Structure formats: C-alpha cells, structure tokens
Amino acid sequence: MGGSEQAFVNLAFETNWIAPLGPNVDGFEKDLMGFLGEDVHVCALSSGTAAIHLALVILGVRHGDEVLCQSLTFSASANPIVYQGAIPVFVDSEPDTWNMSPEHLERAIVDRMKHGKKPKAIIFVDLYGMPAKIDALVEISDKYGIPLIEDAAEALGSTFNGIKAGTFGDISILSFNGNKIITTSGGGALVSKNRSYVDKARFLATQAQDPAPHYQHSQIGYNYRMSNICAGIGRGQMEVLPDRIIQRRRVFDHYCNRLQDAGFTFQSEPDNKYYSNHWLTVFTEGSSGPSRETIRLALSEMNIDSRPVWKPMHLQPVFSAYPYYGEGISERLFQNGLCLPSGSNLSLDELDMVSNMIVSVMQKEVLT
C-alpha cells in the first residue's frame, strides 16, 4: 500500500458509499483515463476476466463463433470465449517478446477463412508486462477486419512507441488483482477509444437495467461493476504507480546484472520501441547448467517462491481439443522458463539472496 488508500476507503464509509458504484469509482476511472491518455474511456469492473467477457459480448461473439487467442497466457484470457459458447483458436508466440506471433496469427486467419469461419475477434496479451508486436498485430487486424482485444492485465505502465499499453485494442482490458503492479484487492477495467463500447459495458455490468421506474430488462446483464471501497484502494494505488514501475524495472535490472554470466535468456525489450513495466522478471534456462526445475526446487527449499512460465492454453486439458497454430515456441518457453520473485517491495539484500542461491545452484551443477 502507498499510504492514501485508507483515506479513500474511509471516505467511502463516511459518506455511506459502500455498495458498487460511487465517487471513488468515478474518481478511479478518471485517474486511469488521465494516466492512459489517448482519449480513452474507462469502465471499472470486478475483474479483468469480466472485462474480457464484456468485450466479447460487445463485439457480438456468440455460440459457435471462433476467437483467436494467444496460447501462452493465463487461462482468464481464454475462459470468457467459452462463456459465450464460442470456440477458442490458439496462436503460438514469437521469440522476441514471447507474445502472439503475427506470422502464425495470419496463418490461422487464412486457414479458418478457408474453412468458412472468419474469426470474430483476436485476443492478444502483453505477457508479464512486455508489449506485443502491436504494430504488426494491428496491421493484420485492419487487413482482415477482425477487432482486437488487448489483454493488458499485466502491463499497466508499459508502453509501445511511447503509447501506453491498454490503449491499442478496439477494446483493451486491465486487471487490478492482488498480484498485479497495483491492486484494488480484486478488480479490472474495460478501456476503449470508442465511447459507445464503454457505455455498453457500464450498462451490461449493472445487470442491463433498462431506464424505467421499475426493474425492466431487455438484455441479459451481469453483476460486474467495481465496488466503491475497492475503487478507493485503486485511487490510492494510482498515486504510487510510477514508483511501482520504477521498482519492478529495478528488480529486473538487478537480476540481469547479477546473473548476466549465467547463460540465461531474460524476457527483454527487443528495441527502444518497447518499454516494459517488468511486472515479473522471467528467464529461460541456458543450454548448459541447471534446468529450470532444478533452480525452482532449490529456491523452494529456501522458502523462496518461483514458478514456471504459464502453461500454454493448447496444452491445458480443458482446451486440448481446440485448434492451435504454431511451431512450439510457447511449449519451449514453458518447459524452460522461470518467473523469479519480483515484488515491488523486495530489498537489495533479498534480491541478492535469490541471485546468490541461483549462482550457488549453478556452481554445484558444474562441480557435479
């Protein structure tokens, strides 16, 4: 917490605004709009998953439709496709940013259209805070007339060509879950330059209640709006977001400097167009030295939490029957990748402890 969160939460209690909606929700949305720029509109919601679900509803995704989705991601990127009765079509990563491959995306579109199924939407992810190859993805979206949903759940504060992540999709989404770079305890947001999309999201997220003196509903709605208390936490967190980005990037730089001779490949910015918030610092094991799993288990023995890279969606039992286009990049990243402790409040001593443990594991591997 940054310090001001309690004051905003207290304000919610003092004014008796403890239910969904209220002044903190309005204020949090304005804070996000000011931070993101690009003349976007924002609807604060109960989760990033809810934002993806509403994005699909707004874009007209229905039962039997196909939606292209990045495979290397958390399941929340793909689950809402199935909520709609639609079919996820998974697309492999490219090795530079670890995000959706433009080459395999276009191949998937062409092949699905040959089968008489033009996809209704594309969901790409800014994985671990790293912006995707957004210019290429936007070009393909425009070429085939398929709307883009940008899953920027992990990328608040990252930029591509100086423009904030979370503003590139026809609809973009953010997450403020407890593990994100800022949190509202649980929450998310739907973002778009198209005001009608955001107005539609607000309507659907408050049970799609028609304007009438009685309760009347012409459409199916959802209980997806953020509470005034959670939004109060978010308003306080927005005050420290710039500091959090600096802290996460400091964590990344520290690991890179301490482990630069270890043969690891870090998920790094390909060139100066990319600016990552480095929500998590992630690397893949070298061609020689200890395996990802050897390092993870050694850290675990010292009560240091690390974990593998996301398991690709096309390898998940629940999604294994759906189409996939790729050449194994995401599989290799999963097999060899490790997410290191990356919290904003990690001290230099704690970062050194993690780095020293990894170095000691490597030295033992060499000796044996």
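Each reported figure results from applying straightforward, stated rules to the coordinates on display, with no laboratory input. Note that the structure is a prediction, hence the values are computed from the model and not measured. Using ideal geometry, Cβ is built from the backbone for each residue, glycine included, and neighbour counts are taken over all protein chains shown.
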Once label points are set 7 Å from the Cα along Cα→Cβ at both T265 and V110, what is their separation, rounded to one decimal in nm? 2.5
If you stretched the chain out fully between K118 and N223, how much longer would it get, using 0.36 nm times the residue separation minus the C-alpha to C-alpha distance? 34.7 nm
Under a straight-distance cross-link criterion of Cα-Cα below 27 Å, which lysines are reachable from K120, leaving out those fewer than 8 residues away in the same chain? K133, K143, K164, K193, K200, K311
For the stretch 72-119: relative contact order, % (alpha-carbon pairs under 8 angstrom, 6 or more apart): 23
Working out 0.36 nm times the residue gap between H214 and Q363, then minus their Cα-Cα distance, what length gain in nm do you get to one decimal? 46.5 nm
How much of the DSSP beta bridge set in the chain is antiparallel, as a percent to the nearest 5? 60
Please give the length that would be gained between N272 and C256 if that part of the chain were fully extended, namely 0.36 nm times their separation in residues minus their C-alpha to C-alpha distance (nm, one decimal). 4.0 nm
With the 8 Å Cα cutoff and a minimum separation of six or more residues, the chain has a relative contact order in percent of 22
Taking Rh as the Kirkwood radius computed over C-alpha pairs, what is the Stokes-Einstein D of the stretch 124-199 at 20 °C in a medium of viscosity 1.002 mPa s, expressed in µm² per second? 169
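Shape call for the stretch 15-70 from the C-alpha gyration tensor, a ≥ b ≥ c root eigenvalues: rounded (a/c under 1.5), prolate (a/b greater than b/c) or oblate?
Values: a/c = 3.33, a/b = 1.75, b/c = 1.90.
Verdict is oblate for the stretch 15-70.
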At q = 0.09, 0.10, 0.12, 0.13 Å⁻¹, the log10 of I(q)/I(0) for the chain from a Debye sum over equal Cα scatterers comes to -0.52, -0.64, -0.91, -1.05
Using alpha-carbon pairs under 8 Å, 6+ residues apart, how would you state the relative contact order of the stretch 241-367 in percent? 34
If you line up the Cα atoms of the stretch 241-367 on their principal axes, what length do they span on each, largest first, in Å? 46, 42, 27
Cross-link candidates for K114: which aspartates and glutamates have Cα within less than 18 Å, leaving aside residues fewer than 8 places away along the same chain? D65, E66, E103, E106
More than 23 Å apart - percent of Cα-Cα pairs taken over the stretch 148-243: 33
Nearest-0.05 FRET efficiency for S196 and N161, computed from C-beta distance (R0 25 Å): 0.40
